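S.K.: Shown below is the structure under consideration.
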Amino acid sequence: MAKEAANNLVETSDYIGHHLVNLTFGWCEKTSSWGFAHHQQDLSKSLDSACDVSEMGFWAFHMDTIFMSVFLGVLVFGFFGLINRSAKKGTPGKLQNFVEFVHEFIGSAVSSGYHGTSKIVAPLAFASCLWILSWNLMDLLPVEMANFFGQAGSGINYFKILPTADLNAPLALAAVVMVLVTYFSINTHGLGGFLKELFIVPLGPLEFISFVSKHVALALRLYGNLFAGEMIFILIAIMFGQFFMSFSQTLWFLPGLIMNLAWALFHILIVALQAYIFMMLTIAYLNLASTKH
Amino acid sequence: MNINATFFAELIAFCIFVFITYRYIWPSMASVLEERRKEIDEGLQAASESKRQLEEAKEESSRVIDAAKSEASTLINQAGSRADQLIDEAKDQATEEVKKIKETAESDIAQSTNRAKETLKEELSVLVVAGASKILNKEIDESANKEIVDQLIKEL
């Protein structure tokens, strides 16, 4: 009995661990070659590296994150570009109406939050909001799906479909925002004014810490919310999965089903809200950076 | 937290998507909306313009109808008064005619009366002369006494 419980525990932690590992392509020191982390894929023997994920250094790419984010980006921006291209004069169609609704929504958010003259803010808000939203929506797909396909023969054993749950992606967005905020600040206050604001006025070096942490927090807020959501889906899935392990656990089926549904419904809110918050904060930071005070 | 080179890939991807949005998607959306706004504006203007024209046409037509009505009524009035005038004229003429005829008849009557009187006087004078001559048994020189008789007749 005790042994079974221990086995279960190992399996559970393995399961969670498996779901938290990205498909990583990186530089392996041991063999001095590029390749996928050990045992992550069965597609190609020559691409299988001797290193585990933890043994790869900074020079590694999360292929699933990159693939999913670029794929979703092409999908979303392609959709908008295509609809715009086919936009006819006269009465707009349903898709055209949707595109214009999004445009109006983001346009009004920008015009009410940003009072400067720069033409980059609206496109930046649009791109970040929709890209993040498309990422976050991946969280509503069943957590098992990617692995299911992997085991069904695609040859990829590790695949995280949620780019937001990989800190690299939100951090990249926040970095772009930070660069723009810096640029706007220098534009408004001059280099001297910006440095003075960053290191001297009014709280000394604390201002610099606040400047950096505000942008890191922008990324962490998004990452944390979605990572936690994903984590809860995984835990619910484990509870759910007990059903298949032993007859005595059958009772978990119904609560699992209800909880999964409830969390998915609630998560729709978080999915949209986090994309919206990221966009609004971006607008607010850029507005703050371009106002004289 | 495993931050690695994925960060740079995402950074580049984001920059590209922002650039695409900035360069193509956002302006084209804005221009489509702007075009639609203009179109709607023009449509509304055309609608109000045609409404105004309709109003004008209505006004014009009612004006024309009013003018025609008043013209017709003046014509009718004129015709009425003309008819009255004609009747009056005819009446006047008739009265005049009647008067004239009456006068002619009266003068005719007067003339005939006078003539009859004259004839009677003459005949009376002849008769008087004849009677007197018979009484006097003497031929009276008719011509000599003529003057006297005539004088008498005149005095009658």
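S.K.: Apply 1/(1 + (r/R0)^6) to the Cβ-Cβ distance of B:ASP108 and B:ALA130, taking R0 = 45 Å, and write down the FRET efficiency to the nearest 0.05.
M.R.: 0.90
S.K.: Considering Cα pairs under 8 angstrom that are at least six residues apart, work out the relative contact order of chain A and quote it in whole percent.
M.R.: 21 percent.
S.K.: Rounded to the nearest 0.05, what FRET efficiency is calculated for B:VAL98 and B:ALA72 with R0 set to 45 Å and r the Cβ-Cβ distance?
M.R.: After rounding, the FRET efficiency stands at 0.70.
S.K.: While we're looking at this one, here's another question. Once the dipole of the stretch B:1-109 is set up with Lys and Arg at +1 and Asp and Glu at -1 on Cβ about the Cα centre, which of B:GLY80, B:THR6, B:LEU33 lies farthest towards its positive end?
M.R.: Checked the options; the winner is B:THR6.
S.K.: Using only the alpha-carbon atoms, how far is helix A:63-85 inclined from the longest principal axis of chain A? Give it as 0 to 90 degrees, nearest 10.
M.R.: So the inclination is approximately 50 degrees.
S.K.: Answer rounded, prolate or oblate for the stretch A:84-237, using the Cα gyration tensor with square roots of eigenvalues a ≥ b ≥ c: rounded when a/c is under 1.5, else prolate when a/b is larger than b/c, else oblate.
M.R.: It comes out oblate by the Cα gyration axes.
S.K.: Using 7 Å Cα-to-Cβ label points, what is the B:ALA116/A:PHE58 separation (nm, one decimal)?
M.R.: 16.5
S.K.: Here's something else I'd like to know. Among B:ALA47, A:HIS62, B:LEU152, whose Cα lies farthest out toward the positive end of the dipole of the protein assembly as shown, if unit charges sit on the beta carbon of Lys, Arg (+1) and Asp, Glu (-1)?
M.R.: Farthest along the dipole direction, towards plus: A:HIS62.
S.K.: Measuring from label point to label point, each 7 Å out along Cα→Cβ, what is the B:ILE87 to A:PHE105 span in nm?
M.R.: So the label points at B:ILE87 and A:PHE105 sit 8.7 nm apart.
S.K.: Quick one, can you get me the convex hull of the C-alpha atoms of the protein assembly as shown expressed as volume per residue in Å³?
M.R.: About 404 Å³ per residue, rounded to a whole number.
S.K.: Using the Cα centre of chain A as origin and beta-carbon charges of +1 (Lys, Arg) and -1 (Asp, Glu), tell me which of A:ASN84, A:GLN40, A:ILE161 is placed farthest towards the positive end of the dipole.
M.R.: Going by the Cα projections, it comes out as A:ASN84.
S.K.: Please say if chain B is rounded, prolate or oblate, where rounded means a/c under 1.5 for a ≥ b ≥ c the square roots of the C-alpha gyration tensor eigenvalues, and otherwise the choice is prolate for a/b larger than b/c and oblate otherwise?
M.R.: prolate
S.K.: If you check each cysteine of the protein assembly as shown for another cysteine whose beta-carbon is under 4.7 Å away, which ones come up empty?
M.R.: A:CYS129, B:CYS15
S.K.: Mind checking A:119-130 for the average number of partner chain beta-carbons within 10 Å of each residue's beta-carbon?
M.R.: 5
S.K.: How far is helix A:168-199 tilted, in degrees, relative to the longest principal axis of the Cα atoms in chain A, given as a value from 0 to 90 rounded to the nearest 10?
M.R.: 30
S.K.: Which order do A:TRP135, A:TRP59 fall in if you start with the one that has the fewest other Cβ atoms within 10 Å?
M.R.: A:TRP59, A:TRP135
S.K.: Calculate the dipole size of chain B relative to its Cα centre from +1 charges on Lys and Arg beta carbons and -1 charges on Asp and Glu beta carbons; express the result in debye to the nearest 20.
M.R.: The calculation lands at about 580 debye.
S.K.: Let me know the charge dipole size of the protein assembly as shown about its Cα centre in debye, to the nearest 20, where only the beta-carbon of Lys, Arg (+1) and Asp, Glu (-1) is charged.
M.R.: Here the size comes out at about 1880 debye.
S.K.: Averaged over A:166-176, how many beta carbons belonging to a partner chain fall within 10 Å of each residue's beta carbon?
M.R.: 6
S.K.: So, one more: Using a cut-off of 20 Å between alpha-carbon atoms, which lysines can reach B:LYS99, once sequence neighbours fewer than 8 places away in the same chain are excluded?
M.R.: B:LYS91
S.K.: Further question on the same structure: So who's got an amide H within less than 5 Å of the one on A:SER290, skipping anything under 5 residues away but keeping other chains? H placed 1.01 Å off N, in plane.
M.R.: Placed amide hydrogens put nothing under 5 Å from A:SER290.
S.K.: Could you tell me how many degrees, from 0 to 90 and to the nearest 10, lie between the Cα long axis of helix A:253-289 and the main elongation axis, the longest principal axis, of the Cα atoms of chain A?
M.R.: Long axis of A:253-289 versus the principal axis of chain A: about 20 degrees.
S.K.: Run the reach check for B:LYS154 against lysines, Cα to Cα strictly under 22 Å, same-chain hits fewer than 8 apart removed. What comes back?
M.R.: Qualifying lysines at Cα under 22 Å: B:LYS117, B:LYS121, B:LYS146.
S.K.: What average count of beta carbons from other chains do you get within 10 Å of the Cβ of residues in A:57-67?
M.R.: 4
S.K.: Related question: When you take every Cα atom in the stretch A:167-278, what is the radius of gyration, and what is Dmax, the widest Cα pair distance, in Å?
M.R.: When restricted to the Cα atoms of the stretch A:167-278, Rg and Dmax are 21.9, 71 Å.
S.K.: Starting from the 7 Å offset along Cα-to-Cβ, what nm value, one decimal, do you get for the label separation of B:GLN151 and A:LEU261?
M.R.: About 16.5 nm separates the two model spin labels.
Throughout, read-outs are computed from the coordinates displayed, never taken from laboratory work. It should be emphasised that the depicted structure is a prediction, and the values quoted were computed from it without experimental measurement. Cβ coordinates were reconstructed from backbone atoms using ideal geometry, including for glycine residues, and neighbour counts include every protein chain displayed.
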